[in-house]
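Report on the structure given below.
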Amino acid sequence: MRKYEFWFVVGSQFLYGPETLAIVDARAKEMAEELSKVLPYPLVYKVTAKTNKEIKDVVKEANFRDECAGIITWCHTFSPSKMWIDGLRDLQKPWLHFATQYNKEIPNDEIDMDFMNLNQAAHGDREHGFIGARLRKPRKIVAGYWKDEKIHKRIGDWMKAAVGAAFSKDLKVMRFGDNMREVAVTEGDKVETQIKLGWQVNTWAVGDLVKEMGKVTEAEIDALVAEYEAAYDIATDNTAAIRYQAREEIAMKKMMDREGCMAFSNTFQDLYGMEQLPGLASQHLMAQGYGYGGEGDWKVSAMTAILKAMGENGNGASAFMEDYTYHLVEGQEYSLGAHMLEVCPSLAADKPRIETHHLGIGMNEKDPARLVFEGKAGPAIVASLIDMGGRLRLIVQDIEAVKPIMPMPNLPVARVMWRAMPDLTTGVECWITAGGAHHTVLSYDVSAEMLRDWARMMDIEFVHITKDTTPEKLEEELLVKDLIWKLK
Ligand code: MN
C-alpha cells in the first residue's frame with residue numbers, strides 16, 4: 001500500500017499579486033510537508049491554481065497516475081469557481097475538500113486588510129463548496145485546523161478509504177467452485193460489480209488446484225510449517241493434517257499470485273480430489289492480506305480483502321465472519337460469530353492454537369487443521385454488501401466485541417462475541433430489515449465513516465445501523481433510498 005500518495009491542490013487567483021501568491025505557495029508546501037509526517041500516506045503539493053488550465057492539467061495528471069489515490073483541495077484565498085468546473089467535472093479520483101486555515105487564531109494586533117486579503121479561506125472554501133455541490137460531485141468535506149490531531153485522523157481515515165477504492169478497482173477474485181446451492185444472498189451480478197467496483201471475479205477448477213497441490217514439494221511444506229510453528233501454538237499430534245493444510249495454502253497462493261488475485265472463495269460442496277476443506281490454509285492466507293469467503297461468497301471475500309487493505313499498515317484487523325447463534329439471556333444479550341473453520345487470526349486476543357477436529361459438513365475425508373482462538377474485545381463494525389437488483393447496498397452495523405462470556409470448550413473454531421447496536425434484538429431487526437447477509441466482514445480498525453467514504457467513492461448505497469437507529473426510522477430511510485437509487 002506504500003505505493004500510494006495524495007495530491008494537494010490549492011485554489012487562488014491572480015487578483016492578489018505575486019507577493020501574496022508566493023506566500024500561499026510557500027505555506028501550501030510547508031503544510032503538505034508537515035501533514036505528510038503525520039498522515040498514513042504522503043501528501044504531495046502540486047500547484048496553487050489560478051487558471052482553468054492549471055486545474056484541468058493537474059486533474060488530467062491525477063486521473064492518469066496510478067500512484068495518485070486522490071486529491072485534497074483547499075482555498076487559502078478566494079478562487080473563483082467557474083475556473084474549477086472543467087477540472088472537477090473530469091476528476092475520476094476521490095476528492096477531499098479540506099476547509100482549513102493557515103493560522104489558528106485571529107491575531108488581535110496584527111490583523112489589518114493585508115491579513116484579510118491573504119487569509120480568506122472562510123469565504124474561499126464556501127465558493128469552492130458551492131461548485132462541488134453544483135456539480136453534484138462526490139466529495140468528502142473535512143473542516144478544522146490543519147495541525148489538529150483529530151483532523152489528521154479524519155484525513156488519514158479518508159486516505160485509507162481512498163486506498164481501498166484504488167485497491168478495489170484493481171481487485172481480482174479467484175473462485176474455486178460455485179456458490180453453495182440455493183443460497184440467495186451470496187449471489188450477485190458480477191458484470192455490474194465490475195462496472196461499479198472494478199472487481200474481476202472468475203472461476204478456476206478445483207481439479208486445477210488439486211494438480212497444483214500435487215506439485216508442492218516437501219521442502220516447501222517444511223518451510224511453511226516452520227512459519228506456523230513460529231506464529232501459533234501447535235495443539236494437535238496430527239502433523240499430517242497440518243502438512244496437508246500447508247500444501248493447500250502453497251498451491252492456492254501460487255495460483256492466486258500467478259493471476260494477480262488478492263481474494264478467493266471456495267465451497268465445502270466442491271472439494272473434489274481434496275481430503276480436507278482448507279481451514280488453517282485459508283486462515284493463514286487471510287493473515288497475509290488475502291480476502292476469503294466461504295460457500296462461494298465472492299462478495300464477502302472481496303470486501304474482506306478491501307477492508308484489510310484499508311486497515312492499519314495496509315493489512316488490518318478485518319475478517320470474514322458469520323453470525324452463528326445468540327445468547328438471549330436478559331442483560332447479557334450477545335451474538336456469537338464464527339465459521340466452520342475460516343476466521344482470520346488478525347482478530348485474535350491471544351496466540352491462536354492449531355487444532356484438528358472432525359468436520360461433519362462437506363466431503364472431508366480427514367479432520368481439517370484450523371486455528372482456534374477468541375476475538376479481541378473492543379468497538380468494531382460488521383459490514384455486508386448485498387445485490388439489490390440493479391444496485392449494490394453496503395450495510396454497516398456498529399458493534400461492541402466482548403471477551404466471550406463462557407469458555408465453550410467443545411467449540412472447535414475461532415469465535416468472536418459481540419453486542420450489536422443499538423441492542424441485540426433491535427439490531428437484528430434493523431439488520432434483517434436492510435437485508436444484510438449472515439456473512440460479514442468484521443473489522444476492528446476500519447470505521448463506519450471510512451466505509452461511508454468508500455461507498456461514496458464507489459457510488460453505491462450505504463446504510464449505517466448505529467446506537468441511535470430505530471427500525472421505524474430505518475424502514476423510512478430504506479423506502480426513500482429505494483426510490484432515489486431507482487432514479488439514479
Ligand atoms: Mn458460511
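Of note:
- Which numbered condition T469 misses (of (1) touching a Cys at 6+ places or on another chain (Cβ under 7 Å); (2) within 16 Å of the ligand (Cβ to nearest atom); (3) among the polar types (S, T, N, Q)): (2)
- Yes/no for E248 being surrounded by 17 or more Cβ atoms within 10 Å (Cβ to Cβ), closer than 28 Å to E220 by Cα, charged (D, E, K, R) and within 14 Å of the ligand (Cβ to nearest atom): no
- Matching residues in the range 205-217 - criterion: being open to solvent by 60 Å² or more (accessible area, probe 1.4 Å) and closer than 29 Å to G164 by Cα: none
- Search result, residues across the range 83-140 that are among the β-branched types (V, I, T) and open to solvent by less than 20 Å² (accessible area, probe 1.4 Å): T100, I131
- Of all residues in the range 346-386 being among the aliphatic types (A, V, I, L, M) and modelled with pLDDT under 95, the one that is farthest from C430 (Cα to Cα): M363
- Condition met for M116 (at pLDDT below 95 and in a helix (DSSP H, G or I)): yes
- Listed conditions (1) within 16 Å of the ligand (Cβ to nearest atom); (2) of a type outside the set (S, T, N, Q); (3) modelled with pLDDT under 95 are all met by E275, apart from (1).
- Candidate set: the range 5-31, residues that are open to solvent by 10 Å² or more (accessible area, probe 1.4 Å) and hydroxyl-bearing (S, T, Y); chosen: the one farthest from the chain's Cα centre (by Cα): Y16
- Pairs where the first residue, in the range 93-109, is within 30 Å of D66 (Cβ to Cβ) and the second is open to solvent by 10 Å² or more (accessible area, probe 1.4 Å) and in a loop (DSSP other than H, G, I, E, B), C-beta under 7 Å, 6+ apart: W95/K137; W95/R139; L96/R139; H97/R139; T100/G144; T100/Y145
- Given (1) within 16 Å of the ligand (Cβ to nearest atom); (2) outside any loop (DSSP other than H, G, I, E, B); (3) without any contact (Cβ under 8 Å) to a residue 24 or more places away in the chain, index of the condition R175 fails: (3)
- Checking the stated criteria, E192 turns out to be farther than 15 Å from V300 by Cα, of a type in the set (D, E) and in a helix (DSSP H, G or I).
- Screening V300 on (1) farther than 18 Å from E322 by Cβ; (2) part of a helix (DSSP H, G or I); (3) not basic (K, R) shows it passes everything except condition (1).
The values are calculated or read from the model by the stated rules, or taken from the named source; none is laboratory data. In this text the structure is predicted, and so the values were computed from the model without any measurement. Cβ sites come from the backbone with ideal geometry, for glycine too, and all protein chains shown count toward neighbours. Side chains are part of the model used for accessible areas, which takes the heavy atoms of the whole protein and leaves out ligands, DNA and RNA. Shrake-Rupley method; radii C 1.70, N 1.55, O 1.52, S 1.80 Å.
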